[in-house]
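Reviewing the structure listed below.
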Amino acid sequence: MTVARHTWFMTVRQARNLMREPIWIVLLLVQPMVWLVLYGQLFRNVTRLGGFGTGSYITFLAPAIVVMNAFFGATWSGMAMINDLDHKVVERFLATPASRISIVLSQIVRSAFTAAIQAVVILLVSLALGVRVHTGALGWLVIIVAGILVNSAFAGISQAIALLTRREATMIAVANFIGLPLLFLSTTMIARPQMPGWMQTAARFNPVDWGVRAAREVVLPGTDWGSVAGHLGLLLALSALTAAWATRTFRAYQRSL
């Protein structure tokens, strides 16, 4: 209970910091809508190739944009930790009775909570654009959960890298290095049958694709709930592993002080 209470306190602190910079709130809400509209228009005729499960590309794309947005947000979440390290905020918390685990977990929770808010915005815009989630309210919940789990899995990695490197330039380089390759090695923007064989194989081991497949299954007809549960389970396990890694790297940081 102490860890949960301290994590909540830390998360609220970060949310207040965000509220002091309204431009970031605007960007967090507008950017995913721009992706949805631009990508939806750019590739709207690609469904003619077949294998998409629907004739509407925006329907195919919408759940994937939720996951993609959560993924990119997670890869950059370590920047908040680096900012706290640079301004000695973490060192100040270490001088208090605050739970050490909560210092890391709050960064992951904050990132996942932001992804959930953006997911709701994307789904509402998608609804206005004519997208219908085949499984109804339960499907909406699954899409949001998929975004949260993808975000938390990669936020754990981002926090660990931030604690290991403690440099903004390195964090930016790593985020760019893993971002686009994992995006294009997934079915985010293209149907699996249209991908080269080796990319289809790589996508099976790509956590971004796990989230996309779980989210998309509930939107299109013929939902395979076993596939949804399996991919969400994999993401949950990965989130636990990356959070544990981030916690371990934080302990290494403490020993270096």
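The values are calculated or read from the model by the stated rules, or taken from the named source; none is laboratory data. In this text the structure is predicted, and so the values were computed from the model without any measurement. FYI the Cβ positions are ideal-geometry reconstructions off the backbone, even for glycines, and counts take in every protein chain you see.
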Could you list all residues from the stretch 63-111 that are in contact with a helix residue (DSSP H, G or I) (Cβ under 6 Å, 6 or more places away or on another chain), among the β-branched types (Val, Ile, Thr) and farther than 17 Å from Leu164 by Cβ?
Ile65, Val66, Val67, Ile101, Val109
Any residue in the stretch 110-127 that is more than 20 Å from Arg16 (Cα to Cα) sitting within a Cβ distance under 9 Å of a residue that is buried (at least 23 other Cβ atoms within 10 Å of the Cβ) and among the polar types (S, T, N, Q)? List the pairs, counting only those 6 or more apart or interchain.
Ala119/Asn69; Ile122/Asn69; Ser126/Thr59
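Could you tell me which residue of the stretch 191-243 is nearest to the chain's Cα centre (by Cα), considering only residues that are polar (S, T, N, Q) and part of a helix (DSSP H, G or I)?
Taking the stretch 191-243 and keeping what is polar (S, T, N, Q), we get 194, 200-201, 206, 223, 227, 239, 242.
Right, trim to part of a helix (DSSP H, G or I) and you get 194, 200-201, 227, 239, 242.
Numbers: Gln194: 25, Gln200: 21, Thr201: 22, Ser227: 20, Ser239: 11, Thr242: 13 Å.
Ranking the qualifying residues of the stretch 191-243, first place goes to Ser239.
To keep it simple, each residue is scored yes or no on (1) in contact with a helix residue (DSSP H, G or I) (Cβ under 7 Å, 6 or more places away or on another chain); (2) at pLDDT 95 or above; (3) crowded, with 18+ Cβ neighbours inside 10 Å.
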{"residue": "Thr114", "(1), (2), (3)": "yes, no, yes"}
{"residue": "Leu127", "(1), (2), (3)": "no, no, no"}
{"residue": "Ala153", "(1), (2), (3)": "yes, yes, yes"}
{"residue": "Phe205", "(1), (2), (3)": "no, yes, no"}
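Within the bounds of the stretch 51-58, is there any residue that is of a type in the set (Val, Ile, Thr), touching a residue at least 60 places away in the same chain (Cβ under 8 Å) and farther than 19 Å from Arg13 by Cα?
In the first step, residues of the stretch 51-58 are kept if they are of a type in the set (Val, Ile, Thr); the result is 54, 58.
Subset that is touching a residue at least 60 places away in the same chain (Cβ under 8 Å): 54, 58.
When the remaining residues are screened for being farther than 19 Å from Arg13 by Cα, the result is 54, 58.
Yes, the conditions are met somewhere in the stretch 51-58.
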Ala153 fails exactly one of the following numbered conditions: (1) touching a residue at least 24 places away in the same chain (Cβ under 8 Å); (2) over 13 Å from the mean Cα position of the chain (by Cα); (3) closer than 30 Å to His87 by Cβ. What is the number of that condition?
(2)
